[in-house]
1. Can you pull out every residue in the stretch 93-150 that is closer than 18 Å to LEU18 by Cα and acidic (Asp, Glu)?
2. Tell me yes or no: at least one residue of the stretch 48-71 is hydroxyl-bearing (Ser, Thr, Tyr) and within 19 Å of ALA117 (Cα to Cα).
3. Among the residues of the stretch 54-84, which ones are of a type in the set (S, T, N, Q), surrounded by fewer than 17 Cβ atoms within 10 Å (Cβ to Cβ) and either under 21 Å from ILE31 (Cα atoms) or under 15 Å from the mean Cα position of the chain (by Cα) (or both)?
4. Checking ALA117 against (1) surrounded by 14 or more Cβ atoms within 10 Å (Cβ to Cβ); (2) at pLDDT 95 or above: exactly one of these is not met. Which one?
5. Within the stretch 1-46, which residues are free of Cβ contacts under 8 Å to residues at least 60 places away in the same chain and among the aromatic types (Phe, Trp, Tyr)?
6. In the stretch 133-147, is there at least one residue being open to solvent by less than 30 Å² (accessible area, probe 1.4 Å) and without any contact (Cβ under 8 Å) to a residue 40 or more places away in the chain?
7. Considering only helices (runs of 4 or more DSSP H) fully contained in the stretch 1-118, which possess at least 1 residues that are over 30 Å from ASP146 (Cα atoms) and of a type in the set (Lys, Arg)?
8. Just a yes or no: is a residue in the stretch 7-28 touching a Leu at 6+ places or on another chain (Cβ under 6 Å), open to solvent by 60 Å² or more (accessible area, probe 1.4 Å) and among the aromatic types (Phe, Trp, Tyr)?
Amino acid sequence: MRVFISYSHQDEKIKDELLKHLMPLKRNGLISDWHDRLLQPGVNWKNEISKNLTESDIVILLISIDFINSDYCYESEMEQAILRNNEGLCRVVPVLARPCLWNETPFSKIQALPKDAKPISIWDSQDEALVSVADGLRTLARQLMDNRGQ
């Protein structure tokens, strides 16, 4: 399963920690991930981001107030992801990084991670929050793979 991670660069540390917790899923061949830090020099970055988003099976929206305030994250990546989700072409997963009024957004109707939609930054243990996210994504990836096999 191809996983696209949409995030504000203000949340890069949380994104990097999430990637560490997704490594077992990558090592087992369940997922591959892509985010904008994988852009190569000399490529048209907008085209490359759009291409990778279009090819993704799962789109993680790493939600914070900085994500919501980012015109590019919100109006480009999120809107494209929601359209693909509504067409059944991918699954969008909001991952709550920091507290914000995310319930006032178009993705508020989509089941979020971590468990109980509690933002990662306010868990007593950030690792526990990230394990909750990784476990949810593992379950989703396996379900999507099983559905493809039918």
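The values are calculated or read from the model by the stated rules, or taken from the named source; none is laboratory data. Being a predicted model, the structure only gives us computed values, none of them experimental. A quick note on method: Cβ atoms are made from the backbone with ideal geometry, for glycine too, and the neighbour counts reach across all protein chains shown. Just the protein is used for accessible areas: all its heavy atoms, side chains included, with ligands, DNA and RNA removed. Shrake-Rupley method; radii C 1.70, N 1.55, O 1.52, S 1.80 Å.
1. The answer is ASP116, ASP124, ASP127, GLU128, ASP135.
2. Yes, because at least one residue in the stretch 48-71 is hydroxyl-bearing (Ser, Thr, Tyr) and within 19 Å of ALA117 (Cα to Cα).
3. Answer for the stretch 54-84, where residues must be of a type in the set (S, T, N, Q), surrounded by fewer than 17 Cβ atoms within 10 Å (Cβ to Cβ) and either under 21 Å from ILE31 (Cα atoms) or under 15 Å from the mean Cα position of the chain (by Cα) (or both): THR54, SER76.
4. Here ALA117 meets the rest and fails (2).
5. TRP34, TRP45
6. No, every residue in the stretch 133-147 fails to be open to solvent by less than 30 Å² (accessible area, probe 1.4 Å) and without any contact (Cβ under 8 Å) to a residue 40 or more places away in the chain.
7. Because the criterion is at least 1 residues that are over 30 Å from ASP146 (Cα atoms) and of a type in the set (Lys, Arg), the helices (runs of 4 or more DSSP H) in the stretch 1-118 that meet it are 12-27, 45-54.
8. So far as the stretch 7-28 goes, no, none of its residues is touching a Leu at 6+ places or on another chain (Cβ under 6 Å), open to solvent by 60 Å² or more (accessible area, probe 1.4 Å) and among the aromatic types (Phe, Trp, Tyr).
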